[in-house]
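Okay, so here's the structure we're looking at.
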Amino acid sequence: MTKAGRYVALALLLISPWPVVAVDWRRQMKPDLAAVPSNGRTLESPVSSVFSRGRYFQIANFSTGNVAVISNPYRLEQHAAGLRSAYLLLDQRVGIVIARHIGPEPFHNLTARGVQVFTGQPTTVMEALVQLRQGLLSRADAPNVKIHYGLERQGINVPAAPDCPLAGPPPPPSPPTAR
């Protein structure tokens, strides 16, 4: 590449977010790392009923047998908790996610980057990992709950934003007034 070409490439890199995003998409996920959302820090902890609402993510490395526990700082967010939790796991380069329930935003963001999502009804993290190794969990081909499912389970009423495309149908038009 010529000197001028390098300057052009550097300028494009600095002014456009797309090259940076493209580099991030090419990061390889590790197929031997499996993440399980949990409500505790041990392998005997219960699996969270909703992907993004667990207190922790336990990341098992099948190559080494080690389990790392990371906190989920997004579990109480009212909007984009699933999306942010998905990005948290993508930063860890997790190749497998085991969840009882997973919504559309985290599911599509994880699978678009090569992460395999498995669903089932394991009660503990250890049971989830054993069931994965034994082939007893189903590989998900779509999200199994709708958006804001985790908030509804917690009894939190989320008002829909009027400009949100997933907020539901628009209100009916008001009747014309007579002049």
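The values are calculated or read from the model by the stated rules, or taken from the named source; none is laboratory data. In this text the structure is predicted, and so the values were computed from the model without any measurement. Note: ideal-geometry Cβ built from the backbone for every residue, glycine included; neighbour counts use all protein chains shown.
Data for the structure
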item: Count of residues meeting criterion [among the β-branched types (Val, Ile, Thr), at pLDDT below 90 and over 22 Å from residue 88 (Cβ atoms)] in segment 119-156; result: 1
item: Residues satisfying the stated conditions in segment 1-50, i.e. farther than 30 Å from residue 100 by Cβ, modelled with pLDDT under 75 and among the charged types (D, E, K, R); result: 6, 26
item: Hits in segment 107-122 - residues which are within 18 Å of residue 84 (Cα to Cα) and among the polar types (S, T, N, Q); result: 109, 111, 116
item: Unique match (being in contact (Cβ under 8 Å) with a residue 24 or more places away in the chain, of a type outside the set (Val, Ile, Thr) and in a loop (DSSP other than H, G, I, E, B)) among 95, 114; result: 114
item: Candidates 92, 116, 58, filtered to the one that is touching a Gly at 6+ places or on another chain (Cβ under 7 Å), surrounded by 12 or more Cβ atoms within 10 Å (Cβ to Cβ) and either at pLDDT 90 or above or on the phi > 0 side of the Ramachandran plot (or both); result: 116
item: Verdict on residue 63 being crowded, with 18+ Cβ neighbours inside 10 Å and either of a type in the set (S, T, N, Q) or in a loop (DSSP other than H, G, I, E, B) (or both); result: no
item: Hits in segment 75-91 - residues which are part of a loop (DSSP other than H, G, I, E, B) and either under 13 Å from residue 36 (Cα atoms) or under 11 Å from the mean Cα position of the chain (by Cα) (or both); result: 80
item: Pick from segment 125-139, criterion outside any loop (DSSP other than H, G, I, E, B) and either acidic (Asp, Glu) or surrounded by fewer than 20 Cβ atoms within 10 Å (Cβ to Cβ) (or both), ranking: farthest from the chain's Cα centre (by Cα); result: 134
item: Segment 82-125, subset in contact with a strand residue (DSSP E or B) (Cβ under 7 Å, 6 or more places away or on another chain) and among the basic types (Lys, Arg), residue farthest from residue 67 (Cα to Cα); result: 100
